[in-house]
Amino acid sequence: MKKTVKTFCRLCEPLCGLEAQLSDTDHNVIVKLTPDKSHPVHMGFACHKGLKFLDVHKDPDRLNYPLRRLSPSRAGTELEPVSWAEAVEEIAVQMREIQAEHGSESLAMFIGNPSAFNSTARYGIRKFAYSIGAADLFGSTTQDTTNKFAAAEAVYGSLSVHPLPDLDNTEFLLSIGSNPRISHMTFVNVSDPMGKIRDIVKRGGRVVHVNPRNIESAGANTGEILQVKPDTDFFLLAAMLNTIFEQGLCDQRALAARSRGLDELRELVRDYRAAEVADVVGVSAEAIESLARDFAQARAAAAYMATGANMGRLGTLTYWLLQMLSLVTGNLGGAGGNVYSPGYPASAAAGKVSRENDPYFDSDFGRLRRMVGLLPGNLLADYIESGKTRALVCLAGNPLLSMGGETRLGKALSNLDLLVCIDIYPNATSKFAHYVLPATDWLEREDINFVSQGNQLQPYLQYTDAVVEPAYERKPEWWIFQQLLHAWADSGAAITPSANHLERIARDLSRAGIDLDSIKEASPQVMVLPTPSPGEIFRSGVQHDDGLIDCFPAAFSEALLQARQIFRELSDEPRDQIKLITLRTNYMMNSWLNNLDALKRRNARDNPIFLNPEDAELLGLQEADAVVVSSAFGAVECLLQIDGELRQGVAAMTHGWGHRNNPDLSVASRYPGTNVNELLPTGPGSYESLSNQAHMTGIPINISRA
Ligand SMILES: Nc1nc2c(c(=O)[nH]1)N[C@H]1C(S)=C(S)[C@@H](COP(=O)(O)OP(=O)(O)OC[C@H]3O[C@@H](n4cnc5c(=O)[nH]c(N)nc54)[C@H](O)[C@@H]3O)O[C@H]1N2
Ligand SMILES: Nc1nc2c(c(=O)[nH]1)N[C@H]1C(S)=C(S)[C@@H](COP(=O)(O)OP(=O)(O)OC[C@H]3O[C@@H](n4cnc5c(=O)[nH]c(N)nc54)[C@H](O)[C@@H]3O)O[C@H]1N2
Ligand code: SF4
Ligand SMILES: [Mo]
């Protein structure tokens, strides 16, 4: 008998509803994944990556058994299969020995991106780290979006208040540094974002994409492009705010009841008049002023920014000004503006921070703070090189390819006393591991979309069973961490191993009057929650004791001086300086989905550097030339592709490539590509000190024929 099971994709933020069709003869075999048309939120939306995930599930190159390096002292030597019991026991013993000799500070964790879509993994590793006293956490979030947490903390008094663009009701969307057609948005969970963007235009609204590249998301039905220079979004927003203040386009009296520091904000942005920033931003003063006016005068306008703006040098300040743009134009909390989606549980209160004590501490690498518990990822190599970090557990991450400076980080990783990688594939980082542990994929584990609560435009809860039993000896992450803690406790330490995190979530839900069992019994296993209500941000969002939004956080004073310095630097930059940006494609998910033949279309077998035709001509370069690309931090060789969609002075390259040394991945190693992150900065000074967010866009480079 045909059997289908409803579940959801866990590759990126929308978490689209899917149906898995099982084999007639064996219900432990999936034959096909299709979009779930009956899903009350997604209504049949899903993309090719989610539907192709079966190829990952069935990939013969997957990790199936725990592996141990044959010669522990030689990085990169062969691995041999080992039982779970042995692996877990040996890892716990070795970590305890390292702890005994060098202290708890020698134990560190790296938490990678897919753990964000895995309700038990992220909790599992944090609980493990906490239990064994390991406080040094690194993770992909500092390469992605920690600037947003730092800004929310300062502006709203809570790490977790992030008013979302109300795409369903807006008349004007300003989207900065995002490419929704390819990436499906980040830090906001929206089903079919391009469909919603198309609807804005269809109902007579306007969409403006701010981007150095004429992206796939822009078009006659999906919005225009404002082609800016990279790493300048802060100045664009400052000039827009200044225009709004100068032209009296905001109601200051109404704002005074809800905020403080507005006068200082108005004073600050006077330094960044449209005429003054036009050259630096790369668009005319008139364009900036009319954009500001149109945004302020739209019936309802929403502002959004994503990784393109996060990864600049002023990501925190940029996100702050984005909030201010929404606030001063009366769009914050309003329908069609930016709405706070409390979700379950009420996230603002949970993210409230008490910063009575200085959150910074002195380290060998300067003054540091933790942001959402994380140290700057760009200091991982420094921590290892200095001997501070000696054992690293890497969960669902591939820092060797996802972070700046592969050569340096590779050397550092090979000097670790212990590296444990928990992954579904042998990846570039696990080449250096002493133990590699096979996790289940999302078709093999039960889950709940818990981690996206607070970021959903249409809040809902969805539960899924494991669609099939885990193949081979793959295990869910909560189990792996539980076993490690048992082994740790067996050796005499006073710690309590954690239960499955889902049990904890079920208890939390029941306290809020939600019965997980009733969600489990529904089909699909979804409970739709109320949509965010206008004004909620003022009622339950803002967490400062006085209830006011801070428009001019004192914590930003140093960063504002730096902004001034960066502005001067950009003004003085040589006219022909080329800057490097990132380019996500439909055929990779950061460094993975790299081993799927079906995604190796003719234009997706390599990651060339893209350059505008005029720049190429100035440099005497032609299509398909082999080139050397160099920055102050490193150099790579790759092919050149001419791309008229890029602004002059901007080059783009896709990250996550560079699989030359990974023969275990039979497809990826045939199409190795080049690791662009060799060109990115690492170490002190390469991240924002307010947020630990890595500086990853607008990197000055030189290109010449190889
Ligand atoms: N130049 C440049 N660099 C970038 C970016 C950029 O735009 N430009 N983007 C940055 C961003 S936004 C991010 S989020 C980071 C990502 O940085 P990372 O998280 O370090 O890298 P990923 O490539 O996402 O690696 C994810 C790993 O998790 C594994 N995996 C997949 N599913 C599971 C699972 O269910 N369980 C386990 N245990 N493992 C799993 C995959 O096989 C893969 O090895 O990269 C950053 N790096
Ligand atoms: N297919 C696919 N989907 C993905 C991913 C993937 O790797 N592949 N990764 C997932 C992850 S982890 C994340 S975090 C999200 C990211 O989601 P998005 O942030 O939407 O990611 P991108 O598509 O890289 O869009 C960033 C855009 O910023 C532009 N940009 C670069 N520098 C600047 C700048 O200085 N200013 C401005 N204004 N724009 C700039 C780039 O040209 C690019 O179009 O995508 C997720 N979805
Ligand atoms: S948009 Fe993201 S969540 Fe939806 S199917 Fe595609 S990869 Fe999966
Ligand atoms: Mo990301």
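The values are calculated or read from the model by the stated rules, or taken from the named source; none is laboratory data. Computed from a predicted model, the values in this text were never measured in an experiment. Positions of Cβ are backbone-derived with ideal geometry, glycine not excepted, and every protein chain shown enters the neighbour counts.
For the reader, a short list of remarks on this structure follows.
- For region 25-77, a tally of residues being within 16 Å of ligand 1 (Cβ to nearest atom) and loosely packed, with under 14 Cβ neighbours inside 10 Å returns 2.
- Looking across region 89-105, the residues that are in contact (Cβ under 8 Å) with a residue 12 or more places away in the chain and either surrounded by fewer than 23 Cβ atoms within 10 Å (Cβ to Cβ) or closer than 21 Å to LEU375 by Cα (or both) come down to GLU89, GLU90, ALA92, VAL93, GLN94, MET95, ARG96, ILE98, GLN99, HIS102, SER104, GLU105.
- The condition of being within 24 Å of the chain's Cα centre (by Cα) and among the small types (Gly, Ala, Ser) holds for SER402.
- Condition met for LYS49 (within 16 Å of ligand 4 (Cβ to nearest atom), over 20 Å from THR496 (Cα atoms) and basic (Lys, Arg)): yes
- Residue among PRO40, PRO14 that alone is more than 16 Å from ligand 4 (Cβ to nearest atom), part of a loop (DSSP other than H, G, I, E, B) and within 28 Å of MET194 (Cβ to Cβ): PRO40
- All helices (runs of 4 or more DSSP H) inside region 372-428 with 1 or more residues being near ligand 1 (Cβ under 8 Å from one of its atoms): 399-402
- Within the set ASN179, ASN169, the sole residue that is at pLDDT 95 or above, farther than 21 Å from TRP320 by Cβ and within 16 Å of ligand 2 (Cβ to nearest atom) turns out to be ASN179.
- Output for region 301-339, where each listed residue is of a type in the set (Ser, Thr, Tyr) and part of a helix (DSSP H, G or I): THR307, THR316, THR318, TYR319, SER326
- Test result for LYS229, surrounded by fewer than 21 Cβ atoms within 10 Å (Cβ to Cβ) and more than 19 Å from the chain's Cα centre (by Cα): no
- Residue within region 268-281 that is in a helix (DSSP H, G or I), under 22 Å from the mean Cα position of the chain (by Cα) and surrounded by 23 or more Cβ atoms within 10 Å (Cβ to Cβ) present: no
- Qualifying residue in region 287-306 (condition: within 16 Å of ligand 4 (Cβ to nearest atom), among the small types (Gly, Ala, Ser) and either out of contact with any Lys or Arg (no Cβ under 6 Å at 6 or more places or on another chain) or in contact (Cβ under 8 Å) with a residue 12 or more places away in the chain (or both)): yes
- Qualifying residue in region 87-95 (condition: of a type in the set (D, E, K, R), modelled with pLDDT of 95 or more, away from ligand 4 (no atom under 16 Å from the Cβ) and under 21 Å from GLU385 (Cβ atoms)): no
- Test: residue in region 392-399 that is away from ligand 4 (no atom under 16 Å from the Cβ), over 20 Å from the mean Cα position of the chain (by Cα) and surrounded by fewer than 24 Cβ atoms within 10 Å (Cβ to Cβ): no
- Within region 647-694, the set of residues being aromatic (Phe, Trp, Tyr) and farther than 28 Å from GLU385 by Cβ comprises just one member, TYR671.
- Residue check for CYS638: closer than 30 Å to ASP279 by Cβ and of a type outside the set (A, V, I, L, M): no
- Number of residues in region 117-150 that are small (Gly, Ala, Ser) and either within 26 Å of PHE8 (Cα to Cα) or touching a His at 6+ places or on another chain (Cβ under 9 Å) (or both) equals 5.
- Test: residue in region 484-505 that is part of a strand (DSSP E or B), under 22 Å from GLU444 (Cα atoms) and within 27 Å of the chain's Cα centre (by Cα): no
- Entry remark, region 639-674: residues being within 19 Å of LEU596 (Cβ to Cβ) and not acidic (Asp, Glu) number 18 in total.
- Summed over region 653-706, residues that are within 30 Å of GLU558 (Cα to Cα) and among the hydroxyl-bearing types (Ser, Thr, Tyr) total 6.
- Only one entry in GLU558, GLU569 is free of Cβ contacts under 8 Å to residues at least 12 places away in the same chain and either away from ligand 4 (no atom under 16 Å from the Cβ) or closer than 30 Å to ASN398 by Cβ (or both), namely GLU569.
- For region 576-599, filtered to residues that are touching a helix residue (DSSP H, G or I) at 6+ places or on another chain (Cβ under 7 Å), hydrophobic (A, V, I, L, M, F, W, C) and not in a strand (DSSP E or B), the residue that is farthest from ligand 4 (Cβ to nearest atom) is ALA598.
- Within region 68-89, none of the residues are closer than 29 Å to VAL667 by Cβ, out of contact with any helix residue (DSSP H, G or I) (no Cβ under 6 Å at 6 or more places or on another chain) and within 16 Å of ligand 2 (Cβ to nearest atom).
- Just so you know, in region 1-47 the residues that are farther than 21 Å from ALA471 by Cα and at pLDDT below 95 include one that is farthest from ligand 2 (Cβ to nearest atom), and it is MET1.
- Residues located in region 350-386, provided they are more than 23 Å from the chain's Cα centre (by Cα) and in contact (Cβ under 8 Å) with a residue 60 or more places away in the chain: ARG355, PHE365, GLY366, ARG367
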